[in-house]
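Below: one structure, written as structure tokens.
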Amino acid sequence: MLREGEKAPAFTLPDDNGEVRDLSDFADKKKVIYFYPRDNTPGCTKEACGFRDMYETILATGAVVIGISPDSVRSHASFKTRYDLPFFLLSDPEKKVIRAYGALTVRKVKGEEKERVRRCTYIIDEHDVIRAVFPDVRPEEHAREVLEILSRME
């Protein structure tokens, strides 16, 4: 995992419309970058809908929300439409950005090691410096936790 005070790694990934997005596209804003395992699963849906429900309040703090998972652009588009998500979902099927942000873990399943995306979030300031890290997220409460930190940031 990356730490507070570190520079956020740059990235370039396609969004839910297939348009390429860079970290630099959001240079003048605070960024809530959250990593999640998979579209349309119970925990990931709760987390995304939590951000959706607080999105206007989050925007008012000068922040944008960006979700990243290994799912395809098509999957993201469907997920976004199904739950009326107002923020970007970026596709990282090769898990390069997920790995760079320390959001990839390895777990043993039936004696076999499998990669798994860790549900975690970074709050990044306008200068791309990490200001807060949430290494283990509880989907039901997470948007409120993020909003509390954003509200205290200058």
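Is it true that Asp128 is among the acidic types (Asp, Glu) and more than 20 Å from Ser24 (Cβ to Cβ)?
When the stated conditions are applied, Asp128 does not pass them.
Any residue in region 69-84 that is out of contact with any Asp or Glu (no Cβ under 8 Å at 6 or more places or on another chain), polar (S, T, N, Q), touching a residue at least 24 places away in the same chain (Cβ under 8 Å) and more than 18 Å from Ala103 (Cβ to Cβ)?
Scanning region 69-84 turns up no residue that is out of contact with any Asp or Glu (no Cβ under 8 Å at 6 or more places or on another chain), polar (S, T, N, Q), touching a residue at least 24 places away in the same chain (Cβ under 8 Å) and more than 18 Å from Ala103 (Cβ to Cβ).
What strands (runs of 3 or more DSSP E) completely inside region 104-154 contain at least 2 residues that are in contact (Cβ under 8 Å) with a residue 40 or more places away in the chain, out of contact with any helix residue (DSSP H, G or I) (no Cβ under 7 Å at 6 or more places or on another chain) and more than 17 Å from Asp53 (Cα to Cα)?
Here the list reads 120-124, 130-134.
For region 76-125, name all the residues that are among the polar types (S, T, N, Q), at pLDDT 95 or above and more than 17 Å from Pro42 (Cα to Cα).
Correct list: Ser91, Thr121.
Using the structure shown, decide if Val64 is in contact with a Phe, Trp or Tyr (Cβ under 7 Å, 6 or more places away or on another chain) and over 16 Å from Asp84 (Cβ atoms).
Criteria met by Val64.
The values are calculated or read from the model by the stated rules, or taken from the named source; none is laboratory data. Fair warning: this is a prediction, and the values are worked out from it, not measured in the lab. A quick note on method: Cβ atoms are made from the backbone with ideal geometry, for glycine too, and the neighbour counts reach across all protein chains shown.
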